[in-house]
2 protein chains.
Amino acid sequence: MKLLEERIKLDGKVLSENVLKVDSFLNHQIDPELMLEIGKEFANKFEGVGITKIVTIESSGIAPAVMTGLQMQVPVIFARKRKSLTLNNDLLTATVHSFTKNDTSEISLSKKYLSENDKVLIIDDFLANGQAAFGLVEMVQQAGAEIAGIGIVIEKSFQQGARLLKEAGLRVESLARVASLSNGEVKFINEKVEELI
Amino acid sequence: MKLLEERIKLDGKVLSENVLKVDSFLNHQIDPELMLEIGKEFANKFEGVGITKIVTIESSGIAPAVMTGLQMQVPVIFARKRKSLTLNNDLLTATVHSFTKNDTSEISLSKKYLSENDKVLIIDDFLANGQAAFGLVEMVQQAGAEIAGIGIVIEKSFQQGARLLKEAGLRVESLARVASLSNGEVKFINEKVEELI
């Protein structure tokens, strides 16, 4: 998605070879019009698939997910991040390890908003090692719902998440695919290809 | 806002005299089209005021705030809830006590997205005792920005938040004003007035 790649080039901050900060339009300050365009793009990519629900995770997944839900006219459910395991029969849960924060936490979703009749689009802001995405996949599968695919705003393609999700048979659609963050510069996958031609 | 009041009557769950659960369309599952209508309503109420930024707090404030930002064509910033105080010169912080959870936490906003040239609309999903709203007000004031008002999706008018904010000279616009949750039933302010007539 050209508009998104341009915005990342303009406003993204490369903090290290692994960390891209986009808190001026996605992770802390949010550009609502860019989110609407992102929502339209996901709706186009997953058109005709019969999505009934969107599942995301708090907090940065909510804005792109809600705009996608608006376009697709389906509800959005956001998983909550919780520190401790509280026994509750009405919850689907999964354990997620964050490599960035070196921290393991539990995420949860209420059972009552997902059923085996649902066809789910999972949306998240970033895809790195795929831990959060696999946690969401696990909970949707616990509910017996079908996963139509995973929509990612920014994929760090040099990390293993996208590959692992695809190997698990899941459809992954990422709007910006970062090939590398070396030398303080963001390179996208298509730029790499263009360089090789 | 009639549409919102009807939805609360239909899908809200009264858990006690103080607690109204609306996790089927606002706090966990989100109805994006209702959020768009909420955004239009806030944009109407604060039209012509010269808002430059919207400030909210994760996670349930994000959806209504982003839809309002879309209507007003201004960026949205969401404050983060943090457990511990990490020293960081770039952060505005405030301490917020939650009576519901009986828990005190610190909330934070990056300094760089607010300046004394900003005119801010604060948006949140619920207003009860006003603790979160006062925390947001405090951070916006630390940045030297002007507060144009506070937009609340659901005000529990029988608690003190709205009164305290108005006494502090702030404009509060709430789309649904709950007068009471007694006997498992949601009563709105205007219904009370109609009963008296």
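Data table
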{"item": "Some residue of the range A:128-138 being free of Cβ contacts under 8 Å to residues at least 12 places away in the same chain and more than 25 Å from A:Glu41 (Cβ to Cβ)", "result": "no"}
{"item": "Residues of the range A:11-23 that turn out to be surrounded by 17 or more Cβ atoms within 10 Å (Cβ to Cβ) and either small (Gly, Ala, Ser) or within 9 Å of chain B (Cβ to nearest Cβ) (or both), as a count", "result": "2"}
{"item": "Some residue of the range A:2-14 being within 23 Å of A:Val137 (Cα to Cα) and charged (D, E, K, R)", "result": "no"}
{"item": "Cβ-Cβ under 6 Å pairs, at least 6 apart or on other chains, the range B:19-42 side closer than 10 Å to B:Gln71 by Cβ, far side surrounded by fewer than 21 Cβ atoms within 10 Å (Cβ to Cβ) and of a type in the set (Phe, Trp, Tyr)", "result": "none"}
{"item": "Hits in the range A:168-181 (condition: in contact (Cβ under 8 Å) with a residue 60 or more places away in the chain and more than 16 Å from A:Ala128 (Cβ to Cβ))", "result": "A:Glu173"}
{"item": "Hits in the range A:140-169 - residues which are part of a helix (DSSP H, G or I) and farther than 15 Å from A:Val76 by Cβ", "result": "A:Gln141, A:Gln142, A:Gly161, A:Ala162, A:Arg163, A:Leu164, A:Leu165, A:Lys166, A:Glu167"}
{"item": "Test result for A:Ile8, within 17 Å of the chain's Cα centre (by Cα), within 12 Å of another protein chain (Cβ to nearest Cβ) and not in a loop (DSSP other than H, G, I, E, B)", "result": "no"}
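Conditions tested, residue by residue: (1) out of contact with any Pro (no Cβ under 9 Å at 6 or more places or on another chain); (2) of a type in the set (Asp, Glu); (3) under 19 Å from A:Ile62 (Cβ atoms).
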residue: B:Asn44; (1), (2), (3): yes, no, no
residue: B:Glu47; (1), (2), (3): yes, yes, no
residue: B:Ala63; (1), (2), (3): no, no, yes
residue: B:Met67; (1), (2), (3): no, no, yes
residue: B:Val74; (1), (2), (3): no, no, yes
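Only the coordinates and a few stated rules stand behind these numbers; no lab work does. These numbers come from a predicted model, not from an experiment. Backbone-built Cβ (ideal geometry, glycine too); neighbour counts: all protein chains shown.
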